[in-house]
Amino acid sequence: MRPRCAPPALLAALLCLCHGYTLRSSVSWVVSSNDVVEDADLSEEVAPALLVDGAGLWKQAYQSSSVLGDGVDSPGELEPEKEAVAQLSSARLFSYRLEKVKKSAGSSGSGGGSISSSPPPHQETARTARYIAHYSDWGHLSTISTQDKIKGLPFGNVFSVSDGPLDNSTGVVYFYVTPMDNTVTDLKSNPYASLTFSEAEGDFCRQMVYDPEDPRCARLTLTGKMVEVAPEELAFAKEAMFSRHPVMTKWPVGHKWFFMKMELIQVWLQDWVGGTSLIPLEDYFKATPF
């Protein structure tokens, strides 16, 4: 006589009891008692549009139907209305760790003039922009390249910058450059450029466990025309740069260093979820980072 086999339904039930899986939008993951978070702070300031991610900090969360596969249009082929919805969704679907992180009461910078102290409230966009521009020691400058292999294409380079001594912010960003730099060659052909800063330079985003792409880890892009500093402004430009980057005074004179600054056209800021800000120049220059 053949042995009896357990019914398939009974086997399925036993497997579910053994492994303890939870089903969410066609994606299963193990749930353990260690994943339960008690007394979590779910305020908008801490975790807007909260999606709990027990496995990793910065996995982007999408519905299963949004994952690209065979027969699915690529992002570049989306219809305009679908693309708008996708952009809105992606701005809200982040996973945040449910832990309270205390802000440092003192300086949180990495030394020198790097981003330090607590940033302004995110609602004060002009002040936030001035804060980032003032406390950043360096930024990423993008130009249109004149190099043979990439002529006409974007080219990025890192520069030490200053908008004034630590106790005197102007909002005007100064550079100390050499004609030997490819970027300076680019600027002679096309003087327009964009300079990008990230609040991730300092310790604030690390203390708050913000990924550099997290909208709450602020990003600032200044776009404008790069010009050589006029003789009457050289004394201030020298103080601004050398007080923040004293090593520059020892750089070889044979490289023919000179000062440049950016005449602003646009101030672009992202410092919170829900979109970006274009800050009027008047508001930017009226604000203070202190």
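Derivation of every value follows stated rules applied to the coordinates shown; laboratory data play no part. Treat the numbers as computed from the prediction; the structure is a model and nothing was measured. Note that we place each Cβ from the backbone using ideal geometry, even for glycine, and neighbour counts take in every protein chain shown.
Some observations on this one:
- Its Cα centre serving as origin, segment 125-286 has a Cβ charge dipole (Lys and Arg +1, Asp and Glu -1) of approximately 320 debye.
- Segment 184-224 residues near the modelled L281 label - backbone nitrogen below 17 Å, point 7 Å along Cα→Cβ: 191-195, 221-224
- Geometric extent, Cα atoms of segment 125-286 - Rg, Dmax (angstrom): 15.9, 49
- Set K149/K286; K225/K250; K238/K286; K149/K256; K225/K286 screened for pairs whose C-alpha atoms are more than 32 Å apart: K149/K286
- Separation between Cα centres of segment 156-178 and segment 225-265, rounded to whole Å: 8 Å
- Environment charge of K238, counting only residues whose C-beta is closer than 13 Å and scoring Lys/Arg +1, Asp/Glu -1: -1
- Estimated FRET transfer efficiency (Q123, D167; beta-carbon r; R0 22 Å; 0.05): 0.30
- Each peptide in 186-198, 222-234, 124-136, 144-156 receives the mean, over its residues, of other Cβ atoms within 10 Å, and ordering these scores from highest gives 124-136, 186-198, 222-234, 144-156.
- Distance between modelled label sites at E232 and S189, nm, 7 Å Cα→Cβ extension: 3.4 nm
- Residue separation of Q147 and M248 scaled by 0.36 nm, minus their Cα-Cα distance, works out to 33.7 nm of gained length.
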